[in-house]
1. To make sure I understand, if each residue's beta carbon is the centre and we count other beta carbons within 10 Å, what order do 215, 112 fall in, fewest to most?
2. Take the Cα radius of gyration of the stretch 181-309 and divide it by 2.2 N^0.38 Å, with N its residue count; two decimals is plenty.
3. How large is the Kirkwood hydrodynamic radius of the stretch 3-301, in angstrom, based on all distinct alpha carbon pairs?
4. If you wrap the stretch 52-107's Cα atoms in a convex hull and average its projection over all directions, what's the area in nm²?
5. So for 22, 167, fewest C-beta neighbours within 10 Å to most, what's the order?
6. How long are the semi-axes of the equivalent ellipsoid of the stretch 102-229, taking √(5λ) for every eigenvalue λ of the Cα gyration tensor, in whole Å from largest down?
7. Tell me whether the stretch 174-218 comes out rounded, prolate or oblate; compute the Cα gyration tensor, take square roots of the eigenvalues as a ≥ b ≥ c, and use a/c under 1.5 as the rounded threshold.
8. Given that compact globular proteins tend to follow 2.2 N^0.38 Å, what is the ratio of the alpha-carbon Rg of the stretch 221-264 to that value?
């Protein structure tokens, strides 16, 4: 862990358990500077936690259903949340105040993400649509693709050129954001809940209910590696900042760490009492956060090189 963060966190042993939600934690994300953690819950609230002491800095209330997805803006000023109430909401991080509510989806909003290097965000929902919104005024400026089943997850490439969408039927589609062209279609044998680009944008990693993690080449959509976890449904994935360590959220209540290049299991982190629904790495790769149906958020200390605590 970097020195300043170690001092903030103190020398208390990991993992750290953050409590406060009254229902399962569906989504989680670190702020770009690593000082805050956002968690969205089935209790219809989003909490902003101070990583330094594990305390809640703001409780964001207003959604009328599960908070399914959370994302910080690249500058860390805004937090976007997607909910089962069919809305996308924009919050000011500093004050915790609601800035804007985006409407247009006709069913649950399952995924939200900011497009890097641009002032736009993207959302995907159970209404089988993916929508692009302009941050300056909250206007919907377009849609990408047509889908036969709910959109469960999405991710933007680091350079902001590509969008990956994953659906309930197990299809993963790679899109060119500027012209909406479908560049490649990839498939799992069951629904896909996790997608992540490598830091250089050359690889796309996906995880699904077919108990596999798959690594695809973004240049042509070819499958490069399949990591099998035969006994566990994979509910979410996160890739470390350097791109060599992958975390998977498992139905059995564990978080598994994988060495991406070798496809080998590095470590199993146990502590949650129910299925783990979401995972996220800190920007410096020294912490891993996990959220669970057991209503808790756990913070784990990890070594991005070895995958060990």
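1. Sorted ascending by nearby Cβ count, the order is 215, 112.
2. Numbers: Rg = 13.8 Å, N = 129, 2.2 N^0.38 = 13.9 Å.
Ratio of Rg to 2.2 N^0.38 Å for the stretch 181-309: 0.99.
3. 18.8
4. 4.3
5. Taking fewest neighbouring Cβ atoms as first place, the list is 22, 167.
6. 23, 17, 11
7. Working: a/c = 2.46, a/b = 1.52, b/c = 1.62.
Note, shape of the stretch 174-218 comes out oblate.
8. Taking the Cα Rg and dividing by 2.2 N^0.38 Å, one obtains 1.16.
Each value in this text was obtained by applying a stated rule to the coordinates, not by laboratory testing. Not measured: the values here are computed from a predicted model. Heads up, the Cβs are rebuilt from the backbone with ideal geometry, glycines too, and the neighbour counts pull from every protein chain shown.
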